[in-house]
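As structure tokens, the structure follows; a few thoughts come after it.
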Amino acid sequence: MSELWQLTLQEARAGLDARAFSAVELARACFERIAQVEERVKSYVTITESHALQQAEAADKAISEGLGNTLTGIPVQIKDLICTKGIRTTCSSRMLENYVPVYDAAVTEKLFVQGAVLLGKGNMDEFAMGSSCENSAFFPTRNPWDLERVPGGSSGGAAAAVAADEAIVALGSDTGGSIRQPASLCGVVGIKPTYGRVSRYGLIAFASSLDQIGPVGKDVTDCALALNAIAGYDPRDSTSLNLPATDFTAGLTGDIKGMKLGIPSEYFVEGMEPGVRRAVESAIKQLEGLGASVEPVSLPTTEYALACYYIIAPSECSANLARYDGVKFGYSYQDTSDMWEAMERTRQLGFGPEVKRRIMLGAYALSAGYYDAYYLKAQQVRTLIRQDFAQVFEQVDALVTPTSPVVAFPLGDKTADPVQMYLIDVCTLPINIAGLPAISVPCGFSEGLPVGMQLIGPHLSEDRLLNIAYAYEQATEWHKARPGI
């Protein structure tokens with residue numbers, strides 16, 4: 001039998017329900033695994049062992065009374081920008097290093113109502129700004145497949161924890177690819193739901209019109225089960241969609257015969273690593289072999305998406321992060337009697353270089369005289385990108401692309417050149433601009449490192465994307481590969 005920490009969510013659920021082991025034993029096994037590898041991987045900002053064991057005891061009681069739910073007793077990691085009542089939530093920033101929320105995020109509430117066990121909070125790029133998990137104010141997270149390489153970002157802690165079996169499942173957030181790109185680089189599954197499908201209440205905001213919470217799991221079914229737990233309407237989030245509850249596992253039939261899949265040429269970008277291209281092209285052939293038809297399509301405004309994103313996201317970030325002024329909560333510079341110096345020094349010392357860079361970009365784009373030329377123009381381009389997707393989805397059921405044009409790159413390789421780092425998200429950020437759902441699923445290796453295939457669908461097509469990913473997964477073995485850490 002596998003070690004308990006190696007189990008998928010559905011295997012853990014079956015074992016708990018059959019009383020093969022208890023929730024306390026499962027939690028302890030995960031903490032043993034964390035003790036083995038965390039010093040090398042660094043996927044956690046905060047580990048909550050005593051809290052988790054109390055939750056596990058409560059879960060065992062619920063299971064013994066027949067009150068168990070899908071996530072009852074399941075050990076999870078939560079990204080450190082999702083509020084957890086009474087537990088430090090730092091955004092991996094000095095600005096919030098000692099911030100302890102007085103409330104739970106909507107998704108945290110849902111997990112805890114179901115009886116999930118919180119192992120701890122996942123490391124990330126500071127305020128979710130980055131593609132490599134190197135922008136954390138505390139330490140970089142490392143890729144379990146090669147500890148000298150990045151795990152991707154900003155949800156690098158989530159993807160690395162799941163890949164290294166330090167959590168059964170994890171929650172991340174995705175503003176421009178921050179769930180899918182690290183899932184691809186770490187060889188696990190990650191889904192970014194339709195904007196509004198999951199409540200953002202209690203998610204510390206980076207760019208409010210782009211942010212969305214989603215799960216990272218060891219396989220597609222795990223992601224579907226976790227999405228069942230966190231999706232749903234929340235009146236506290238004005239962008240939350242009021243929809244009937246969906247069981248995302250119900251559509252996992254593996255039958256994709258007759259489905260039309262589009263291959264957008266713009267996503268097979270110049271500079272893409274040959275091994276990534278080969279793996280994704282091979283995965284496309286596999287989907288054809290499963291009965292789907294494949295046709296080339298075009299999304300001509302894709303070339304403007306990167307520029308569009310890096311005006312909209314920093315603009316929203318500069319507005320959202322204005323609240324960190326040293327007055328209300330978070331870090332506060334106190335060694336002065338001058339209010340303006342205190343505010344200036346608070347922001348100077350509390351924010352890291354990437355966050356400052358984006359605040360300045362955003363403040364410039366929103367400033368008088370430049371608003372129309374930059375921010376307004378970017379919003380107009382956003383409309384064109386959405387229209388492109390809408391037209392393509394009149395012809396096809398889903399799109400197939402690489403998740404990342406590269407595999408995991410060495411730590412420090414791109415930190416000196418922000419533009420090179422921004423280009424890593426070229427395949428993922430158009431989806432956030434349009435508010436669409438997308439999933440990354442492992443589809444092979446290049447130079448011994450995982451490659452992810454991205455499936456993109458129209459609004460509210462998560463069940464369809466999950467089924468295509470499931471069909472591919474059932475026909476291949478890539479999702480079973482685990483790093484030898």
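Those helices (runs of 4 or more DSSP H) of segment 345-449 in which 3 or more residues are under 24 Å from Y195 (Cα atoms) and under 18 Å from the mean Cα position of the chain (by Cα) occupy 429-434. Selection of segment 145-164 for residues being more than 24 Å from A434 (Cβ to Cβ) and open to solvent by less than 10 Å² (accessible area, probe 1.4 Å) yields V150, P151, G156, G157, A160, A161, V162, A163, A164. From the list P151, P101, the lone residue that is touching a helix residue (DSSP H, G or I) at 6+ places or on another chain (Cβ under 6 Å) and either of a type outside the set (A, V, I, L, M, F, W, C) or at pLDDT below 95 (or both) is P151. Any chance segment 30-49 includes a residue that's within 22 Å of the chain's Cα centre (by Cα), open to solvent by less than 30 Å² (accessible area, probe 1.4 Å) and farther than 30 Å from E354 by Cα? Yes, because at least one residue in segment 30-49 is within 22 Å of the chain's Cα centre (by Cα), open to solvent by less than 30 Å² (accessible area, probe 1.4 Å) and farther than 30 Å from E354 by Cα.
Condition check for Q454 on (1) in a strand (DSSP E or B); (2) surrounded by fewer than 20 Cβ atoms within 10 Å (Cβ to Cβ): one failure, at (2). For beta carbons closer than 8 Å, sequence separation of 6+ or different chains, a first residue in segment 120-134 that is touching a residue at least 40 places away in the same chain (Cβ under 8 Å) and under 14 Å from Y44 (Cα atoms) and a second that is open to solvent by 10 Å² or more (accessible area, probe 1.4 Å) and among the basic types (K, R), the qualifying pairs are K121/R88; N123/K42. Go through segment 299-343 and give me each residue that's under 30 Å from F268 (Cα atoms), of a type in the set (G, A, S) and in contact with a helix residue (DSSP H, G or I) (Cβ under 6 Å, 6 or more places away or on another chain). Correct list: A305, S315. State whether the residues of segment 173-185 include one that is more than 10 Å from the chain's Cα centre (by Cα) and either part of a loop (DSSP other than H, G, I, E, B) or surrounded by fewer than 24 Cβ atoms within 10 Å (Cβ to Cβ) (or both). Looking for residues that are more than 10 Å from the chain's Cα centre (by Cα) and either part of a loop (DSSP other than H, G, I, E, B) or surrounded by fewer than 24 Cβ atoms within 10 Å (Cβ to Cβ) (or both), one finds none in segment 173-185, hence no.
Within the set T89, T48, the sole residue that is in contact with a Cys (Cβ under 9 Å, 6 or more places away or on another chain) and at pLDDT 95 or above turns out to be T89. For segment 265-275, the candidate set comprises residues that are more than 13 Å from M453 (Cα to Cα) and in contact with a Ser or Thr (Cβ under 7 Å, 6 or more places away or on another chain); within that set, the residue that is most open to solvent (accessible area, probe 1.4 Å) is S265. Condition first: modelled with pLDDT of 95 or more and under 26 Å from V100 (Cβ atoms). Can you find one or more residues in segment 58-68 that meet it? Yes, there is a match, as at least one residue in segment 58-68 is modelled with pLDDT of 95 or more and under 26 Å from V100 (Cβ atoms).
Hey, among the residues in segment 93-118 that are aliphatic (A, V, I, L, M) and more than 30 Å from F351 (Cα to Cα), which one's nearest to the chain's Cα centre (by Cα)?
First, pick out the residues of segment 93-118 that are aliphatic (A, V, I, L, M): 95-96, 100, 102, 105-107, 111, 113, 116-118.
Narrowing further to those that are more than 30 Å from F351 (Cα to Cα): 111, 113, 116-117.
Numbers: L111: 17, V113: 22, A116: 19, V117: 19 Å.
Here the answer is L111.
Scoring D222 on the criteria (1) assigned to a loop (DSSP other than H, G, I, E, B); (2) surrounded by 13 or more Cβ atoms within 10 Å (Cβ to Cβ); (3) of a type in the set (D, E) leaves a single failure, condition (1). Counting only residues that are hydroxyl-bearing (S, T, Y) and open to solvent by 60 Å² or more (accessible area, probe 1.4 Å), segment 58-110 holds 2 of them. When residues in segment 395-417 are screened for being touching a residue at least 12 places away in the same chain (Cβ under 8 Å), open to solvent by 50 Å² or more (accessible area, probe 1.4 Å) and under 13 Å from G130 (Cα atoms), 1 of them pass.
Looking only at segment 1-56, how many residues end up being within 10 Å of E166 (Cα to Cα), touching a residue at least 40 places away in the same chain (Cβ under 8 Å), assigned to a helix (DSSP H, G or I) and not basic (K, R)?
So the answer is 8.
One residue stands out among those in segment 458-481 that are open to solvent by less than 70 Å² (accessible area, probe 1.4 Å), assigned to a loop (DSSP other than H, G, I, E, B) and not aliphatic (A, V, I, L, M): the one that is nearest to R197 (Cα to Cα), which is S461.
Each residue in segment 285-310 was checked for being over 19 Å from S461 (Cβ atoms) and either open to solvent by less than 40 Å² (accessible area, probe 1.4 Å) or of a type outside the set (D, E, K, R) (or both), and 14 of them qualify.
Taken over segment 234-277, the criterion of being of a type in the set (K, R) and within 20 Å of I456 (Cβ to Cβ) is satisfied by K260, R277.
The values are calculated or read from the model by the stated rules, or taken from the named source; none is laboratory data. Quick caveat: nothing in here was measured; it's all calculated off a predicted structure. Every residue, glycine as well, gets a Cβ built from its backbone with ideal geometry; the counts of neighbours run over all protein chains shown. Ligands, DNA and RNA are stripped out before the accessible areas are found, and what is left, the full protein with its side chains, is counted by its heavy atoms. Shrake-Rupley method; radii C 1.70, N 1.55, O 1.52, S 1.80 Å.
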